[in-house]
Amino acid sequence: MEDSAEPKKTRRAFVQAGGAAVAGLGSTGLRAQSSETLALFGGPKAVTVPAKVQGETTKWPRYGDEVKQIVSTLLDNGNWYAEVPAFEKELKEYLKVPYVKAHSSGTCSLMSMFFALNLPAGSEILAPSYTAWATTAPLHLFKYVPVFVDLNPRSMTFDAEYAKKCLTSRTKAVLLMHSFGNPCDMDHISDFAKQHGLVVLEDAAQAQGASLQGKLMGTWGAMGMYSHQSSKTLPAIEGGSGTYQTREYYERATVFGGYELARFFPDDSPYKKYLGTGIGPKFRIHPLGAAIGRIQLRKLDAQNALEDAQVRRLTDRLVELPGLSRPYCRPDAKRVYWGCHMLFLDEVKAGCPKDTLLKALRAEGVRASPGQYDEQHRYKLYAEPGWWHHPVIIPADLHGTTQVNRQAVRLPLFRTEVPELVEQYVKAFEKVWVHRSELAKG
């Protein structure tokens, strides 16, 4: 049963007061926490669920008996290559797109996408700096140049307003990355791209199963991609896939990494002549990875929903604490979670340094860590003009990106129902927050 509105208000007021005024607040648990010694100073830990149980609920990927059986069966019967087209067919049906191609990795999916673009040398592509290297580093291989776009610090997603200021006569495409599974504003970005004649591309490596207005991430753009590496929401140990809205993009992306696949193209395909050679690379997904991916795809939505429910049970209560918030997700969006879930910690509103609070939380048994993520514009590759058609403009500072990395805190994803652990995490946060004035004094 949920608490009534009044106890919630009392509880929040107590924690916001830093535990200083105990009398008359009517929250027995919090009064006890105000007098309880922090684990950092020798008191009992708030999180007492055994490490083995915690390890089991946070374990990822989760390959059960069904996966083990199909791998064993395929090793015995040798019919593994049939798994690749079967995986592509099932992805296509799930995603509701005209064309899908499986690749050996998410990086290879991106490279196939960039080849399929077929843009003039020196074309500029608007892209986030807040992303993994694979999103932007390979662009130089195709003589494209990234233009780094800031984040909206509220949602940690692509800032379309900032992007508008980055347009030049060379801008030909816009490449989105759905940070940690939170959907970008694809409707607004699509309108912006259409207005300026830009091709929309999606890096949905961290967001398989997420959607906006009922439309899945990775299917909004002219092309999209997913990663099936073992940390992702659809883990196949290793692998990737691409989505293509036109036959031209699909055939060009496919022939780039597939020497044998042009035989399936219609006779009028301009790429059929490359049968036997492709363009050079070999990007075929491992067939056992495809088989594992098929099984994981059937579980994708249910697993994402379970994790979302767990995150909400925890963060709905944590964001009542001063200085804590979560990345904004639009009401018409459904997000997923890659690897962890993020909170934002505003040190000014919390009244205590982030590092100090994290140290105290870890002492209580909370697996919390700073949430910094890659900022591509800070890497040497982009600063060396010899790699690029023309020099990449290195921004002095992307303020939204800097704010996200300064405030981000990572917490583990609970992949199973663990109500006791959720309660203990809440207790640990509240206990630390009640003592934050003491902690701030050092």
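The values are calculated or read from the model by the stated rules, or taken from the named source; none is laboratory data. For clarity, every value in this text was computed on a predicted model and none was experimentally measured. All Cβ positions, glycine included, derive from the backbone under ideal geometry; neighbour counts span all protein chains shown. Side chains included, ligands, DNA and RNA excluded: accessible areas come from the protein's heavy atoms. Shrake-Rupley method; radii C 1.70, N 1.55, O 1.52, S 1.80 Å.
The table for this structure:
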| quantity | calculated |
| --- | --- |
| Within segment 48-67, considering residues that are out of contact with any Leu (no Cβ under 7 Å at 6 or more places or on another chain) and assigned to a loop (DSSP other than H, G, I, E, B), the one most open to solvent (accessible area, probe 1.4 Å) | K59 |
| Qualifying positions in segment 335-348 - over 19 Å from E430 (Cα atoms) and surrounded by 17 or more Cβ atoms within 10 Å (Cβ to Cβ) | R335, V336, Y337, W338, C340 |
| Residues satisfying the stated conditions in segment 83-129, i.e. of a type in the set (F, W, Y) and within 12 Å of D203 (Cα to Cα) | F114 |
| Subset tally (residues that are more than 30 Å from T135 (Cα to Cα), free of Cβ contacts under 8 Å to residues at least 40 places away in the same chain and part of a loop (DSSP other than H, G, I, E, B)) for segment 322-377 | 1 |
| Residue match in segment 5-25 (condition: more than 29 Å from the chain's Cα centre (by Cα) and at pLDDT 95 or above) | no |
| Residue satisfying all of: in segment 291-321; touching a helix residue (DSSP H, G or I) at 6+ places or on another chain (Cβ under 8 Å) and not in a helix (DSSP H, G or I); most open to solvent (accessible area, probe 1.4 Å) among these | E320 |
| Residue check for H389: in contact with a Lys or Arg (Cβ under 9 Å, 6 or more places away or on another chain) and more than 20 Å from Y337 (Cβ to Cβ) | yes |
| Residues satisfying the stated conditions in segment 173-227, i.e. part of a strand (DSSP E or B), surrounded by 24 or more Cβ atoms within 10 Å (Cβ to Cβ) and touching a Lys or Arg at 6+ places or on another chain (Cβ under 8 Å) | Y226 |
| Test: K45 is under 30 Å from L411 (Cα atoms), open to solvent by 40 Å² or more (accessible area, probe 1.4 Å), touching an Asp or Glu at 6+ places or on another chain (Cβ under 6 Å) and touching a residue at least 40 places away in the same chain (Cβ under 8 Å) | yes |
| Test: P128 is closer than 23 Å to R406 by Cβ and of a type outside the set (K, R) | yes |
| Only one of G276, G258 that is free of Cβ contacts under 8 Å to residues at least 24 places away in the same chain, over 26 Å from P128 (Cα atoms) and open to solvent by less than 60 Å² (accessible area, probe 1.4 Å) | G276 |
| Scope segment 256-296; condition touching a His at 6+ places or on another chain (Cβ under 8 Å) and β-branched (V, I, T); matching residues | I285 |
| Failed condition for A102, given (1) surrounded by fewer than 24 Cβ atoms within 10 Å (Cβ to Cβ); (2) over 26 Å from P327 (Cβ atoms) | (1) |
| Selection count where residues are open to solvent by 10 Å² or more (accessible area, probe 1.4 Å), in contact with a Leu (Cβ under 7 Å, 6 or more places away or on another chain), of a type outside the set (D, E, K, R) and assigned to a loop (DSSP other than H, G, I, E, B), scope segment 119-172 | 1 |
| In segment 401-425, residue nearest to the chain's Cα centre (by Cα) [restricted to those that are crowded, with 21+ Cβ neighbours inside 10 Å, assigned to a helix (DSSP H, G or I) and not β-branched (V, I, T)] | Q407 |
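Results for (1) under 30 Å from S211 (Cβ atoms); (2) surrounded by 18 or more Cβ atoms within 10 Å (Cβ to Cβ), shown as yes or no for each residue.
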residue	(1), (2)
A333	yes, yes
A350	no, yes
Y379	no, no
I394	no, no
H399	yes, no
